[in-house]
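Read the structure below first, then the notes.
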Amino acid sequence: MRLDGKVALITGGARGQGAAEARLFVREGAKVLVTDVLDAEGDALAAELGDVGRYRHHDVTSADDWASAVDEAISTFGSLDVLVNNAGIHHVTRIEEETLENFERTIRVNLYGTFLGIQAVIPPMRAAGGGAIVNISSLAGMKGIPGHGAYGASKWGVRGLTKTAAAELGHDGIRVNSVHPGAIKTAMLPDSPEGDARFAHLPVGRPGEVEEVASLVLFLASDESSYITGTEHVIDGGSIA
């Protein structure tokens, strides 16, 4: 029960990494508000989680939606102790062929959404004496990857924003860290005829599982990481070792 008594808000939580985080958090004692734009999947997950889980439709690029989501978490479960900024979009396009429209959309969801989330939870977390924010960045926020101009820019931004937020909020007891997954088995991982064999070059020789990322996020959300803030945590099977 590593999150016993805590309340978490997880964006992009209807499937993939976010859903794995929600399930694990509940198993570890938390109450969870899952938000997303995938309503059918979100409703199904909330039903699976039971009374300690709830789903809300949430546009992370909207400050008003953020205010409503935070209010719902607090009014439903009594507090808000953990925010996981997991929502994100991904596409692969070389800079030369990228459009300003797609670039802006990626930045708005991945970076603006994270910024608005941090901003929205500061008052309730400060009033409660602290909290934990975990921002899901990417391996593309640690190194340049061809075809990831927009995505990489957004995830490097998340990494930098995390450090600034940690420096600003530490005296309020609010810790802020970023997680940088590599190849993880989610809808964002492109299909290939090679299957998992294409990851044989990695030191661990395979892609990661969503549960492995969820375990890292759980650690950063829990009091076990009470002296860790402003840091990036790479989970990539040794890709940049």
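The values are calculated or read from the model by the stated rules, or taken from the named source; none is laboratory data. Computed from a predicted model, the values in this text were never measured in an experiment. FYI the Cβ positions are ideal-geometry reconstructions off the backbone, even for glycines, and counts take in every protein chain you see. Each accessible area value is taken on the protein alone, full model and side chains, heavy atoms only, with ligands, DNA and RNA left out. Shrake-Rupley method; radii C 1.70, N 1.55, O 1.52, S 1.80 Å.
Just to be sure, is residue 30 hydrophobic (A, V, I, L, M, F, W, C) and either surrounded by 15 or more Cβ atoms within 10 Å (Cβ to Cβ) or on the phi > 0 side of the Ramachandran plot (or both)? Taking the combined requirement at face value, the residue satisfies it. Can you name the residue in region 138-168 that is among the charged types (D, E, K, R) and open to solvent by 20 Å² or more (accessible area, probe 1.4 Å) and is also nearest to residue 184 (Cα to Cα) among such residues? Filtering first and then ranking leaves 143.
A Cβ distance below 8 Å, combined with a sequence gap of six or more or placement on separate chains, defines the contacts here; from region 226-241, residues that are assigned to a loop (DSSP other than H, G, I, E, B) reach residues that are of a type in the set (S, T, N, Q) in the pairs 228/177; 229/177; 230/162; 230/177; 231/177; 231/178. Selection of region 197-241 for residues being among the aliphatic types (A, V, I, L, M) and in contact with a His (Cβ under 8 Å, 6 or more places away or on another chain) yields 216, 220, 234, 235.
Residues are listed down the side, and each one gets a yes or a no for (1) among the hydroxyl-bearing types (Ser, Thr, Tyr); (2) open to solvent by less than 10 Å² (accessible area, probe 1.4 Å); (3) part of a helix (DSSP H, G or I):
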site: 19; (1), (2), (3): no, yes, yes
site: 25; (1), (2), (3): no, yes, yes
site: 40; (1), (2), (3): no, no, yes
site: 66; (1), (2), (3): no, yes, yes
site: 73; (1), (2), (3): no, yes, yes
site: 89; (1), (2), (3): no, no, no
site: 106; (1), (2), (3): yes, yes, yes
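Looking across 102, 135, one residue alone is open to solvent by less than 20 Å² (accessible area, probe 1.4 Å) and either in contact with a helix residue (DSSP H, G or I) (Cβ under 7 Å, 6 or more places away or on another chain) or not in a helix (DSSP H, G or I) (or both). It is 135. For region 46-64, a residue qualifies if it is within 11 Å of residue 13 (Cβ to Cβ), within 17 Å of the chain's Cα centre (by Cα) and surrounded by fewer than 23 Cβ atoms within 10 Å (Cβ to Cβ), and exactly one does: 56.
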